[in-house]
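First up is the structure itself, then whatever we jot down about it.
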Amino acid sequence: MNYISTRGAGIGERHTFSDILLGGLAKDGGLYLPNEYPKVSADELARWRALPYADLAFEILRKFSDDIPDEDLRELTRRTYTAQVYCNVRDEENAAQITPLKTLGVEGGAPLSLLELSNGPTLAFKDMAMQLLGNLFEYTLAKHGQTLNILGATSGDTGSAAEYAMRGKKGIRVFMLSPHKKMSAFQTAQMYSLQDPNIFNIAIEGVFDDCQDIVKAVSNDHAFKAQQKIGTVNSINWARVVAQVVYYFKGYFAATKSNDERVSFTVPSGNFGNVCAGHIARMMGLPVEKLVVATNENDVLDEFFRTGIYRVRKSSETYHTSSPSMDISKASNFERFVFDLLGRDPKRVLQLFRDVEEKGGFDLQASGDFARVQEFGFVSGRSSHDDRVDTIRDVFEQYDTMIDTHTADGVKVAREHLQAGIPMIVLETAQPIKFGETIREALEREPERPAAFSGIEDLPQRFEVLGNDAERVKAFVAERTR
């Protein structure tokens, strides 16, 4: 397995899974992808159906990481995906499944289900990949006697998932950027209450896209990146994306009885990383009918999948919504899909994303490329605050199930794309406690709270407020890595 950049740098060079694990962006600013997607045979699909989550993760990951010995990789996946780590389940009987499938009911002739991805230590789907990433980082760094300073950006869930995965890990520091006063109180408390000496929270005076732009700016300063040993855990990190591929297979097996069946997935989307993993699963041969992209009011991705126009918004045009982890107007992982959409032409990809930086976007309808979107099974939809409140209330009343705001966006849009006889799986994003204000508005009651998180908002918080300035962030990092 060799990895290439979406923008063409290093063609002919060898890049292993371990090589790109710690690095994030390629040296030309592109994103890494395998030179070709490994295919899953019918025999493998049949054999994998009965595997526990950890062993399924091993089978999928080994196709992408042939430079890690099988015995080491198997130990890593079995240490990561345990009922002890994913212990925040709503139904104790399903604890061993890691990602239980909860069927809500049949709507429009289609079974409508939630794939529970938020049973991990921070109650968000990001734990599914981040816990593995923490173990992979520690394994790789120890093997090579290295250290790593992780620089990331979060709109809510990525930051806490990364910090909980990396806290106390040998050879690792985490510097996490978040938009000042633009996360829920629970999300803020999860991150800022951590007192581990290797965790640094930086509140940026701006929106999430500003935080993300700073991370990219630092990553593109190759001298600083090398000197400070900067790595990333944002969704641009390939290991995170490929770890998320696993639960698409697991969800498919849970929703079907035969590998002759097809399913659709609806994915609440901001940075395109989660649904990109679904695209990769489909390219590997998973029988996926549709990949439904659900956005909130920040509808850059919905606009693209409806019109072929990718138009990023300015910070002043980004809405602060009640599903804040999707308050993103520049989808970092989108470049990976565009690379495949354009037949893996790095020159065209490079030009298009130069147009994003210089002109604010691009139009694939005019060039005729947009027609190929249908071949990849993508459709989309948009949700508003009123929609998510109504959906939270409806799902609770109909199915006695409490869902968070992002999952509500997913359910609302999933209902617009149901096909009779095709199971529709909505990827659950987080547990409702993370967005208590909207739950109270919708249901006039407090959200369910796992016992481990009682009183978290009252704990002391440790964070630093900085202006929207990459140089100030670089100085902050440099001072703390001397």
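The values are calculated or read from the model by the stated rules, or taken from the named source; none is laboratory data. Predicted, not measured: the structure shown is a model, and the values here were computed from it. Ideal geometry is used to build each Cβ from the backbone, glycine not excepted, and the neighbour counts take in all protein chains shown.
Values computed for the structure shown
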quantity	calculated
Some residue of the range 361-376 being without any contact (Cβ under 8 Å) to a residue 24 or more places away in the chain, farther than 27 Å from Val89 by Cα and not in a helix (DSSP H, G or I)	yes
When residues of the range 45-58 are limited to those that are of a type in the set (A, V, I, L, M) and surrounded by 15 or more Cβ atoms within 10 Å (Cβ to Cβ), the one nearest to Cys276 (Cα to Cα)	Ala57
Asn94 outside any strand (DSSP E or B), more than 20 Å from the chain's Cα centre (by Cα) and either of a type outside the set (D, E, K, R) or more than 19 Å from Phe137 (Cβ to Cβ) (or both)	yes
Candidate set from the range 204-215 (those that are buried (at least 22 other Cβ atoms within 10 Å of the Cβ) and not in a helix (DSSP H, G or I)); member that is farthest from the chain's Cα centre (by Cα)	Ile204
Gly368 being modelled with pLDDT of 95 or more and surrounded by fewer than 16 Cβ atoms within 10 Å (Cβ to Cβ)	no
Cβ pairs under 8 Å, 6+ apart, first in the range 228-251 and farther than 15 Å from Thr140 by Cβ and touching a residue at least 40 places away in the same chain (Cβ under 8 Å), second part of a loop (DSSP other than H, G, I, E, B) and among the β-branched types (Val, Ile, Thr)	Gln228/Thr481; Tyr247/Thr99; Lys250/Ile98; Lys250/Thr99; Gly251/Thr99
Test set (1) over 18 Å from Pro324 (Cβ atoms); (2) outside any helix (DSSP H, G or I); (3) in contact with an Asp or Glu (Cβ under 9 Å, 6 or more places away or on another chain) - Pro197 fails condition number	(3)
Given (1) farther than 21 Å from Leu56 by Cα; (2) among the hydrophobic types (A, V, I, L, M, F, W, C); (3) assigned to a helix (DSSP H, G or I), index of the condition Leu151 fails	(3)
Tally, over the range 102-128, of residues that are farther than 19 Å from Phe396 by Cβ and either free of Cβ contacts under 8 Å to residues at least 40 places away in the same chain or touching a Phe, Trp or Tyr at 6+ places or on another chain (Cβ under 9 Å) (or both)	9
Residue ID - nearest to Ala430 (Cα to Cα), chosen from residues in the range 73-96 that are of a type in the set (D, E, K, R) and surrounded by 13 or more Cβ atoms within 10 Å (Cβ to Cβ)	Arg90
Enumeration of residues in the range 7-28 that are buried (at least 16 other Cβ atoms within 10 Å of the Cβ), modelled with pLDDT under 90 and within 19 Å of Leu350 (Cα to Cα)	Gly10, Gly24, Leu25, Ala26
Residue match in the range 133-142 (condition: in a helix (DSSP H, G or I), touching a residue at least 24 places away in the same chain (Cβ under 8 Å), under 30 Å from Thr405 (Cβ atoms) and out of contact with any Ser or Thr (no Cβ under 6 Å at 6 or more places or on another chain))	yes
Condition broken by Ala42, with the remaining ones in (1) more than 30 Å from Lys412 (Cβ to Cβ); (2) surrounded by 16 or more Cβ atoms within 10 Å (Cβ to Cβ); (3) of a type in the set (A, V, I, L, M) satisfied	(2)
Filter result (at negative phi and in contact with a Phe, Trp or Tyr (Cβ under 7 Å, 6 or more places away or on another chain)) within the range 255-273	Val263, Phe265
Flag if Arg306 is within 15 Å of the chain's Cα centre (by Cα), at pLDDT 95 or above and not hydrophobic (A, V, I, L, M, F, W, C)	no
First in the range 323-342 and over 18 Å from Gly360 (Cα atoms), second anywhere and assigned to a helix (DSSP H, G or I) and small (Gly, Ala, Ser), Cβ under 8 Å, 6 or more apart	Ser323/Ala408
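Residues checked against (1) surrounded by fewer than 17 Cβ atoms within 10 Å (Cβ to Cβ); (2) touching a Pro at 6+ places or on another chain (Cβ under 7 Å); (3) not β-branched (Val, Ile, Thr):
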residue	(1), (2), (3)
Asp409	no, yes, yes
Arg415	no, no, yes
Thr429	no, yes, no
Gly436	no, yes, yes
Arg445	yes, no, yes
Gly455	yes, no, yes
Arg472	yes, no, yes
Ala475	yes, no, yes
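Conditions tested, residue by residue: (1) closer than 24 Å to Ser178 by Cα; (2) surrounded by fewer than 24 Cβ atoms within 10 Å (Cβ to Cβ); (3) of a type in the set (S, T, N, Q); (4) more than 17 Å from the chain's Cα centre (by Cα).
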{"residue": "Gly109", "(1), (2), (3), (4)": "no, yes, no, yes"}
{"residue": "Leu117", "(1), (2), (3), (4)": "yes, no, no, no"}
{"residue": "Leu123", "(1), (2), (3), (4)": "yes, no, no, no"}
{"residue": "Ala129", "(1), (2), (3), (4)": "yes, no, no, no"}
{"residue": "Leu132", "(1), (2), (3), (4)": "yes, no, no, no"}
{"residue": "Asn135", "(1), (2), (3), (4)": "yes, yes, yes, yes"}
{"residue": "Lys143", "(1), (2), (3), (4)": "no, yes, no, yes"}
{"residue": "Ala153", "(1), (2), (3), (4)": "yes, no, no, no"}
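Yes or no, residue by residue, for (1) outside any strand (DSSP E or B); (2) touching a helix residue (DSSP H, G or I) at 6+ places or on another chain (Cβ under 7 Å); (3) aromatic (Phe, Trp, Tyr); (4) surrounded by fewer than 24 Cβ atoms within 10 Å (Cβ to Cβ):
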{"site": "Asn234", "(1), (2), (3), (4)": "yes, yes, no, no"}
{"site": "Tyr248", "(1), (2), (3), (4)": "yes, yes, yes, no"}
{"site": "Ala254", "(1), (2), (3), (4)": "yes, no, no, yes"}
{"site": "Ser258", "(1), (2), (3), (4)": "yes, no, no, yes"}
{"site": "Phe265", "(1), (2), (3), (4)": "no, yes, yes, no"}
{"site": "Asn274", "(1), (2), (3), (4)": "yes, yes, no, no"}
{"site": "His279", "(1), (2), (3), (4)": "yes, yes, no, no"}
